Amino acid sequence: MAFILLFIIYLAFISLGLPDALLGAAWPLMYKEFAVPVSYAGIIAMIISACTIISSFQSDRLTRKFGTGKITTISVFLTAVALFGFGLSHNYYLLALFALPYGLGAGSVDASLNNYVALHYRSSHMSWLHCMWGVGASLGPYILGFALHKNLPWNDGYLIVGSIQTLLCLCLLLTLPLWKKHASGQTACKQPSTSAACSRTFGFKDLWRLPGAKAVLLTFFCYSALEHSAALWGSSYLVLHCQLDAALAAQYANRFFLGITCGRLISGFIAFKLKDASLIRWGQGLIAVALVILATTNNGQIALIGLTILGFGCAPIYPSVIHSTPANFGADKSQALIGIQMGCAYIGSTLMPPLFGLIANYCTSKVFPYFLAFFLLIMVLAHESALLQVKHKLPVKH
């Protein structure tokens with residue numbers, strides 16, 4: 001039973017990644033059909049991000065009321081509806097409308113599944129599951145490219161991915177009883193009065209006062225800002241600063257994502273030997289090495305190596321911070337805190353990459369590694385501060 005459920009969760013993580021890279025891959029064709037400026041993709045992305053943040057912050061209440069299995073099923077259904085909506089849209093305003101269920105479906109399932117795995121499975125599974133997200137994110141553009149290669153419109157790429165999401169939704173619906181059996185066999189709450197403790201909903205103020213909570217939220221914000229800034233601007237940095245051919249830079253820009261995906265696969269095995277905190281520190285160290293390489297070379301090939309190492313460094317941080325949440329803050333509080341952590345991560349990924357764009361406009365692309373280094377430094381300090389406060393249960397200033 002546990003193996004079947006774990007397999008379903010793996011599929012759910014692949015489904016989480018499937019739509020993530022579709023908009024960027026299809027937009028060069030979409031904006032021409034819709035007759036809108038190319039920059040309008042940012043509006044769609046902002047709508048999706050805003051709805052994802054809202055649903056992440058509400059994930060605790062929703063999961064406690066409906067359970068992880070139902071939330072996952074409903075969220076995948078919402079995502080499938082949004083993908084079919086995108087595929088059937090021939091109007092930009094319809095696209096913006098279907099961006100609402102797209103974002104709402106992503107936030108709750110992400111936080112709920114991450115908490116479930118953190119409570120019930122080893123750290124290695126958390127790394128491998130996030131590796132599956134990378135597999136899904138890579139498959140999405142591949143499916144779109146396959147459709148285009150067959151001379152099908154971009155809409156069919158969305159419809160194919162929507163069909164895959166629908167099949168997964170049916171699988172989740174059929175396996176709903178497994179979630180209840182598994183959760184009852186491995187109760188997440190360790191307190192004597194389990195029913196009372198597990199049924200309590202923790203508000204933002206309750207979590208904000210926890211020792212180390214502020215620091216871990218800052219850690220998430222900085223990590224997400226760093227990862228998404230690197231993903232968005234890495235290729236541009238190779239072209240503008242390293243004078244790499246634009247076509248070649250676009251072709252090899254996936255080295256960063258390849259580093260993350262392979263790094264999480266490897267981290268899953270290393271997690272048998274190292275604890276979450278050690279994995280996070282190793283990742284931060286690799287990021288530092290990568291940024292030194294990027295800051296000290298203008299050779300495109302060497303910079304590509306730095307970008308790949310940057311992906312390997314990012315790989316263990318996100319899953320390890322999430323997996324350590326129940327141990328550091330309590331299993332009864334982990335769902336609520338993970339939801340807020342995800343929300344902070346989405347805020348960082350939404351606001352900080354555009355900020356670098358403004359900085360690059362007024363300064364130069366050379367500041368790219370220093371921009372990332374700023375967030376790395378704050379992330380390291382915040383994470384160590386969180387560990388120190390959790391270890392010694394230091395009082396938190398209100």
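Some notes on this structure:
- Relative packing of 222-229, 289-296, 33-40, which averages over residues the other C-beta atoms within 10 Å, highest first: 222-229, 289-296, 33-40
- Extension gain, Thr364 to Glu384: 0.36 nm times the residue separation minus the Cα-Cα distance gives 4.0 nm.
- Each label point was placed 7 Å from the Cα along the Cα-to-Cβ direction; for Cys262 and Leu174 their separation is 3.6 nm.
- Gain on full stretching of the segment that runs from Ile305 to Tyr93 - 0.36 nm per residue minus C-alpha separation: 72.2 nm
- Placing dummy labels 7 Å off each Cα toward the beta-carbon, the span from Tyr10 to His149 is 2.5 nm.
- Structural size metrics of the chain, computed from C-alpha coordinates, are Rg and Dmax of 20.7, 63 Å.
- Among the chymotrypsin sites (Phe, Trp or Tyr not before Pro) in the stretch 231-329, those located in a DSSP loop and surrounded by at most 14 other Cβ atoms within 10 Å of their own Cβ are Phe272.
- Among the helices of the chain, those built from whole DSSP H runs whose Cα atoms reach 27 Å or more along their own axis and whose mean Kyte-Doolittle hydropathy is at least 0.5 are 68-88, 92-120, 123-149, 154-174, 213-240, 276-295, 331-362, 368-392.
- More than 14 angstrom apart: percent of Cα pairs within the stretch 262-301: 57 percent
- Using the 1.4 Å probe convention, the accessible area of the chain works out to 45 Å² per residue with neighbouring protein chains retained.
- Pairs from Lys70/Lys275; Lys333/Lys391; Lys65/Lys273 whose Cα-Cα separation, in the structure shown, is over 26 Å: Lys70/Lys275; Lys65/Lys273
- Taking only protein heavy atoms and a 1.4 Å probe, the accessible area of the stretch 41-112 is 75% carbon and sulfur.
- Between Val36 and Lys273, the FRET efficiency from the beta-carbon distance, with R0 = 41 Å, is close to 0.20.
- Using C-alpha pairs under 8 Å with a sequence gap of at least 6, the mean separation divided by the residue count of the chain gives a relative contact order of 25 percent.
- Taking only alpha carbon atoms, the stretch 251-359 gives an Rg to Rh ratio of 1.03, where Rh is the Kirkwood radius.
- Label separation (Leu355 vs Tyr142): 3.5 nm, computed from points 7 Å beyond Cα along the C-beta direction.
- Using the Cβ-Cβ distance between Leu29 and His392 with R0 = 56 Å, the FRET efficiency computed as 1/(1 + (r/R0)^6) comes to roughly 0.50.
- Looking at the stretch 40-144, the pairs of alpha carbons with a distance over 23 Å make up 32% of the total.
The values are calculated or read from the model by the stated rules, or taken from the named source; none is laboratory data. Quick caveat: nothing in here was measured; it's all calculated off a predicted structure. Don't worry about glycine lacking a Cβ; one is built from the backbone with ideal geometry, like all the others, and counts go over all protein chains shown. Calculation scope for accessible area: heavy atoms of the full protein, side chains included, ligands and nucleic acids excluded. Shrake-Rupley method; radii C 1.70, N 1.55, O 1.52, S 1.80 Å.
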